[in-house]
Amino acid sequence: MNTDTLLFFEGHMDALSLYEKLEKRILSEIDNVCVKVKKSQISFYNKHMFACVSFARVRKKKDCPKDYIVVTFGLEHKAESARIDIATEPYPNRWTHHLLVSHPDEIDKELMDWIREAAEFSRQK
C-alpha cells in the first residue's frame with residue numbers, strides 16, 4: 001500500500017479493505033495493469049483506463065451505506081443488472097457503468113467479469 005493510496009482513503013479508512021480486495025483481484029486476474037492514484041479516483045489502465053474506484057455520488061446520501069467504494073468501468077455495450085447504479089453512453093458504443101460496493105462479497109465473479117471485459121475493450125481501442 002503506497003502513501004498516495006492511503007491519502008486517497010483519508011476519511012474513508014473503513015472502505016480501504018474493499019479497495020484492497022478489488023485491487024488484488026484486478027492485478028492478479030488482468031495482465032499489464034498500471035494503477036494511478038489521483039485526487040478524486042484510483043484508475044486502472046492497460047492501453048487506456050478501463051476501471052476506477054472513487055467516492056462518486058451514485059445514490060442519494062440517505063441510500064448509501066456508511067462505508068463503500070464506487071467502481072466504474074467502461075464497456076462497448078450497456079450491462080443490464082440491478083447492481084449497476086448508473087449507466088451512461090457518452091459516445092456511441094461506449095458505456096460507462098457505476099456501481100456501489102459496500103461488502104467484500106460484492107467483489108465477485110460478475111463484477112470481475114465486467115472488469116475483465118472492460119480491460120479487453122480498452123486494450124482494443
note = Flagged in the range 21-35 as in contact with a helix residue (DSSP H, G or I) (Cβ under 9 Å, 6 or more places away or on another chain) and at negative phi, in numbering order, are LYS21, LEU22, GLU23, ARG25, ILE26, GLU29, ILE30, ASP31, VAL33, VAL35
remark   = Scanning the range 24-44 residue by residue, those out of contact with any strand residue (DSSP E or B) (no Cβ under 7 Å at 6 or more places or on another chain) and of a type outside the set (Ser, Thr, Tyr) turn out to be LYS24, ARG25, LEU27, GLU29, ILE30, ASP31, ASN32, VAL37, LYS38, LYS39
task = Filter the range 17-32 down to the residues that are hydrophobic (A, V, I, L, M, F, W, C) and crowded, with 17+ Cβ neighbours inside 10 Å, then identify the one that is nearest to GLU120 (Cα to Cα).
result = ILE30
note = Scanning the range 1-15 residue by residue, those touching an Asp or Glu at 6+ places or on another chain (Cβ under 8 Å), part of a helix (DSSP H, G or I) and surrounded by fewer than 12 Cβ atoms within 10 Å (Cβ to Cβ) turn out to be ASP14
ask   = Restricting to strands (runs of 3 or more DSSP E) lying wholly in the range 16-125: which have 1 or more residues that are of a type in the set (Ser, Thr, Tyr) and within 13 Å of the chain's Cα centre (by Cα)?
value = 41-45, 49-54, 69-75, 94-101
ask   = Under the condition of being surrounded by 19 or more Cβ atoms within 10 Å (Cβ to Cβ) and of a type in the set (A, V, I, L, M, F, W, C), which residue from the range 64-73 is farthest from PRO104 (Cα to Cα)?
value = PHE73
request  = Please state which one of LYS61, LYS78 is surrounded by fewer than 16 Cβ atoms within 10 Å (Cβ to Cβ), of a type outside the set (Ser, Thr, Tyr) and over 25 Å from THR5 (Cα atoms).
outcome  = LYS78
inquiry  = Suppose the filter is touching a helix residue (DSSP H, G or I) at 6+ places or on another chain (Cβ under 7 Å), of a type outside the set (S, T, N, Q) and modelled with pLDDT under 95; does LYS61 pass it?
reply    = no
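The values are calculated or read from the model by the stated rules, or taken from the named source; none is laboratory data. Keep in mind that this is a model prediction, so the values were computed, not measured. In this analysis, Cβ positions are derived from the backbone assuming ideal geometry, glycine residues included, and neighbour counts consider all displayed protein chains.
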